[in-house]
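Colleague: The following block contains the structure, expressed as structure tokens.
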Amino acid sequence: SSLYPLLAHHWRHAEENAKALEYLEKAGRHALHALYANREAERFFGELLELADEMQGGPSAPPGAEHGARRARWERELGEAIANQGRPADAVRVFEGALARLGDPPPATPRRLVARLLARVGRQALH
């Protein structure tokens, strides 16, 4: 929905961080998959990751292992938005960070990197 960015902004300024995370994630996915608006998706996922970093250690911090898998998924989506803009080297750095967060060393080729990241995030989502 086009209301996701507005709701994310509202919740962010109200300092309701959990709700802001939820709507930034929805805004990013909507921009990436429904609108193919990669710059906007990059902005939403970047803001989402920034907010998640701010929340670490605070009273509204996302849970540990679950947050690691969620964050890796957000990083993968950020990397996808960046790659769709024709910036593969930047995307690879983001993908490598996502794999490192999940405890996997990066593979030798970018194609294997993306395949491993997708498989790893999928396995984490099932747990």
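Colleague: Among (1) farther than 19 Å from LEU118 by Cβ; (2) modelled with pLDDT of 95 or more, where does HIS67 come up short?
Modeller: Result: HIS67 fails condition (2) only.
Colleague: When you go through LEU32, LEU21, LEU51 one by one, which is the residue that is assigned to a helix (DSSP H, G or I), more than 20 Å from PHE95 (Cα to Cα) and not hydroxyl-bearing (Ser, Thr, Tyr)?
Modeller: When all the criteria are applied, what remains is LEU21.
Colleague: Can you confirm whether the stretch 2-20 contains a residue that is buried (at least 17 other Cβ atoms within 10 Å of the Cβ), in contact with a Pro (Cβ under 7 Å, 6 or more places away or on another chain) and of a type in the set (A, V, I, L, M, F, W, C)?
Modeller: no
Colleague: In the stretch 80-127, how many residues are in a helix (DSSP H, G or I), out of contact with any Gly (no Cβ under 6 Å at 6 or more places or on another chain), modelled with pLDDT of 70 or more and among the β-branched types (Val, Ile, Thr)?
Modeller: 3
Colleague: What pairs can you find where one residue is in the stretch 1-15 and free of Cβ contacts under 8 Å to residues at least 60 places away in the same chain and hydroxyl-bearing (Ser, Thr, Tyr), the other is open to solvent by 60 Å² or more (accessible area, probe 1.4 Å) and part of a helix (DSSP H, G or I), and their Cβ atoms are less than 6 Å apart, with a gap of 6+ or different chains?
Modeller: Pairs that qualify, where the first residue is free of Cβ contacts under 8 Å to residues at least 60 places away in the same chain and hydroxyl-bearing (Ser, Thr, Tyr) and the partner is open to solvent by 60 Å² or more (accessible area, probe 1.4 Å) and part of a helix (DSSP H, G or I), are TYR4/LYS26.
Colleague: Only one of (1) open to solvent by 80 Å² or more (accessible area, probe 1.4 Å); (2) modelled with pLDDT under 95; (3) basic (Lys, Arg) fails for ARG39. Which number is that?
Modeller: Every condition holds for ARG39 apart from (2).
Colleague: Enumerate the pairs (first residue in the stretch 38-49 and under 9 Å from ALA81 (Cβ atoms); second residue anywhere and outside any helix (DSSP H, G or I)) with beta-carbon separation below 7 Å, excluding pairs fewer than 6 apart on the same chain, so at least 6 apart or on different chains.
Modeller: So the pair list comes out as ASN38/ASN84; ASN38/GLN85; ARG39/GLN85.
The values are calculated or read from the model by the stated rules, or taken from the named source; none is laboratory data. Just so you know, these numbers come straight off a predicted model, no measurement behind them. Counting neighbours? That spans all protein chains shown, and the Cβs are built from the backbone with ideal geometry, glycine included. Ligands, DNA and RNA are excluded from the accessible area calculation, which covers all protein heavy atoms including side chains. Shrake-Rupley method; radii C 1.70, N 1.55, O 1.52, S 1.80 Å.
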